[in-house]
Amino acid sequence: MAASPPVAPANRSSLVLFLALGILAAAAVAIAAVVLKDDRPPRPDGMVWIPGGEFVMGCAESQDQDAPPHKVSVGGFWMDETEVTNDEFTKFVAATNYVTVAERKPYPNELPANVPAANNVPFSAVFRCADCDAKSCDEENSRLAMANKPQLPPPWWEMSVGASWRHPDGAKSTIEGKGNYPAVHLSWEDAASYAKWAGKRLPSEAEWEFAARGGLNEATYAWGNDPQGKDGKYHANTYQGRFPATVEGKDGFAGLAPVRSFSPNGYGLFDMSGNAWEWVQDWYAADYYQISPKKNPTGPAEGSAGPDGKPQKVRRGGSFLCADEYCRRYLPGTRDKGATDDCASHTGFRCVKDAK
Ligand SMILES: [Ca+2]
């Protein structure tokens, strides 16, 4: 039987070269793994990393609750790229059978003596306006405030029976085909319940504003200093036209828009200006910016009372109803507030998550 032929010298040197290249390639992979090592956990789905840092919080053009602008720093955190959508909120409700505040009877235990039983039905506030006049509403409320009397709710809010996140424009409307729209008619209580279920939390007010500015410290808008609509460019879903009666929709939307309809800010976040208001964790006090700590402020210990006597939480970012002539609270340094059971067709939220 013939012996196996010896390996030819030429084949032997090819083998050595092949082995050497293999060792070099393995070393390169090992070095790259060390150099590119990232201590952060993997990116949670639908969230972006907000690096944290120092910024000027508040609004330079404001004289009241948004003043004075003051330096604040926050740590890094993950934040939802978009407002929580109808598809996302549907998953939460399917998993938990959660019933939102807008879907509950307002007086579950005991009716006040002046409320007929037939009126104890779930409702929420829907923006509805045929011939409202913002100027006369403001004038009337100024007169009532001067007389030390309770102010009237603006006439463009209809207390709509059956309106909820499932029926955003009233009982007969649906969210069919609107899975990628922000979920609205959600109270602070609803937002906090969702966040807990999702293993997330609501942002502090300072975290929210740091994120909204997208790294453009002290810019007027979340996208820089060019006003909304300059040269026909729209950066956010706000209100064009004579508020509240004549909506022109020049930005492409007369009402809510699907999330991601406008360009993201510098951190990759969508709709931090406009579209839907977003609840944050902090209680509200009008004078908080005068006494806020500089590092990771988390708001006052309790909320100041609103018109109905209930303590209020902060909400941020403005909505599709922000009109320059009436309300510029889509600016990143401005604020609004409401009781923990307030719900309306322009309010939703988004969540954040700590890096563990
Ligand atoms: Ca928003």
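Name the residues in segment 291-322 that are surrounded by fewer than 18 Cβ atoms within 10 Å (Cβ to Cβ) and within 21 Å of Ala222 (Cβ to Cβ), would you? Matches in segment 291-322: none.
Scanning segment 336-356 for residues that are farther than 23 Å from Tyr181 by Cβ and either among the aromatic types (Phe, Trp, Tyr) or touching a helix residue (DSSP H, G or I) at 6+ places or on another chain (Cβ under 7 Å) (or both) yields one hit, Thr340. Applying a threshold of 9 Å to beta carbon distances and a minimum spacing of six or more residues, or different chains, the list of pairs starting in segment 259-281 at a residue that is over 18 Å from Leu216 (Cα atoms) and basic (Lys, Arg) and ending at one that is within 11 Å of the ligand (Cβ to nearest atom) and in a loop (DSSP other than H, G, I, E, B) reads Arg260/Thr82; Arg260/Phe270; Arg260/Asp271.
Residues considered: Tyr330, Tyr288. Of these, the only one that is within 26 Å of Met159 (Cα to Cα) and aromatic (Phe, Trp, Tyr) is Tyr330.
Residue by residue, here is whether (1) surrounded by 14 or more Cβ atoms within 10 Å (Cβ to Cβ); (2) modelled with pLDDT of 95 or more; (3) under 22 Å from the mean Cα position of the chain (by Cα); (4) not aliphatic (A, V, I, L, M) holds:
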| residue | (1), (2), (3), (4) |
| --- | --- |
| Thr96 | no, yes, no, yes |
| Val101 | yes, yes, yes, no |
| Tyr107 | no, no, no, yes |
| Ala145 | no, no, no, no |
| Asn148 | no, no, no, yes |
| Gly179 | yes, yes, yes, yes |
| Tyr194 | yes, yes, yes, yes |
| Pro203 | yes, yes, yes, yes |
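Does Tyr267 satisfy being over 18 Å from the mean Cα position of the chain (by Cα) and among the aromatic types (Phe, Trp, Tyr)? Here the answer is no, as Tyr267 does not meet what is asked. Within segment 82-124, the set of residues being in a loop (DSSP other than H, G, I, E, B) and in contact with a Leu (Cβ under 7 Å, 6 or more places away or on another chain) comprises Thr100, Asn120. Cβ-Cβ contacts under 6 Å between residues 6 or more apart (or on different chains), taken from a first residue in segment 168-194 that is under 18 Å from Ser124 (Cα atoms) and of a type in the set (Gly, Ala, Ser) to a second residue that is within 16 Å of the ligand (Cβ to nearest atom) and modelled with pLDDT under 95, are absent. Taking Phe243 as the residue in question, decide whether it is buried (at least 18 other Cβ atoms within 10 Å of the Cβ), at pLDDT below 95 and either over 23 Å from Pro44 (Cβ atoms) or touching an Asp or Glu at 6+ places or on another chain (Cβ under 7 Å) (or both). Yes.
In segment 308-326, the residue that is nearest to the ligand (Cβ to nearest atom) out of those that are part of a loop (DSSP other than H, G, I, E, B) and small (Gly, Ala, Ser) is Gly317. Of Leu216, Leu256, all but one fail to be assigned to a loop (DSSP other than H, G, I, E, B), of a type in the set (A, V, I, L, M) and either touching a Ser or Thr at 6+ places or on another chain (Cβ under 6 Å) or within 21 Å of Phe349 (Cβ to Cβ) (or both); the exception is Leu256. In this structure, does Arg329 turn out to be charged (D, E, K, R) and more than 12 Å from the ligand (Cβ to nearest atom)? When the stated conditions are applied, Arg329 does not pass them.
On inspection, Pro244 qualifies as touching a Cys at 6+ places or on another chain (Cβ under 9 Å), assigned to a loop (DSSP other than H, G, I, E, B), over 21 Å from Phe77 (Cβ atoms) and more than 16 Å from the ligand (Cβ to nearest atom).
Selection of segment 259-294 for residues being β-branched (Val, Ile, Thr) and farther than 16 Å from Cys351 by Cβ yields only Ile291. The residues on offer are Ala355, Ala344, Ala257, and the sole one that is under 20 Å from Gly46 (Cβ atoms), hydrophobic (A, V, I, L, M, F, W, C) and within 15 Å of the ligand (Cβ to nearest atom) is Ala257. Only one entry of Asp271, Asp336, Asp282 meets the criterion of being in a strand (DSSP E or B), at pLDDT 95 or above and within 16 Å of the ligand (Cβ to nearest atom), and that entry is Asp336. Annotation note: Cβ proximity below 6 Å between a residue of segment 297-318 that is β-branched (Val, Ile, Thr) and a residue that is surrounded by fewer than 24 Cβ atoms within 10 Å (Cβ to Cβ) and modelled with pLDDT of 95 or more (sequence gap 6+ or interchain) occurs for Thr298/Ser204; Val314/Lys337.
So is Leu21 modelled with pLDDT of 70 or more, part of a helix (DSSP H, G or I) and surrounded by 10 or more Cβ atoms within 10 Å (Cβ to Cβ) or not? Taking the combined requirement at face value, the residue satisfies it.
The values are calculated or read from the model by the stated rules, or taken from the named source; none is laboratory data. These numbers come from a predicted model, not from an experiment. Don't worry about glycine lacking a Cβ; one is built from the backbone with ideal geometry, like all the others, and counts go over all protein chains shown.
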